[in-house]
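One structure below.
The values are calculated or read from the model by the stated rules, or taken from the named source; none is laboratory data. Given the structure is predicted, the values throughout are model-derived calculations rather than measurements. All Cβ positions, glycine included, derive from the backbone under ideal geometry; neighbour counts span all protein chains shown.
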Amino acid sequence: MKNKLLGKYVIKEERLPDGRLRVTRTCQGFNSFELLGHLTYAISEIIQQMKGIMKPDIIKRRVVK
């Protein structure tokens with residue numbers, strides 16, 4: 001059975017020619033309470049990883065140069 005994508009949140013950061021920074025956010029499939037819950041959980045995990053309490057669980061990472 002194939003996984004079904006239920007929602008997606010994308011943060012895009014761009015450096016403009018004049019040096020300013022542009023941040024664009026796109027939310028598809030989450031209401032504000034669901035999004036806040038996901039981001040709060042992610043913050044908690046990141047803090048635990050930085051403290052060495054938790055090892056990063058990398059499911060999929062793509063680095064673009």
Filter result (touching an Asp or Glu at 6+ places or on another chain (Cβ under 8 Å), within 30 Å of ILE53 (Cβ to Cβ) and not β-branched (Val, Ile, Thr)) within segment 1-43: GLY7
Taking segment 20-36 on its own, how many of its residues are in a helix (DSSP H, G or I) and either aromatic (Phe, Trp, Tyr) or surrounded by 10 or more Cβ atoms within 10 Å (Cβ to Cβ) (or both)? 4
Restricting to segment 45-55, name every residue that is surrounded by 11 or more Cβ atoms within 10 Å (Cβ to Cβ) and either among the polar types (S, T, N, Q) or in contact with a helix residue (DSSP H, G or I) (Cβ under 8 Å, 6 or more places away or on another chain) (or both). GLN48, GLN49, MET54
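Residues are listed down the side, and each one gets a yes or a no for (1) modelled with pLDDT of 95 or more; (2) of a type in the set (Asp, Glu); (3) not in a loop (DSSP other than H, G, I, E, B):
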| residue | (1), (2), (3) |
| --- | --- |
| LEU6 | no, no, no |
| ILE11 | no, no, yes |
| ASP18 | yes, yes, no |
| HIS38 | no, no, yes |
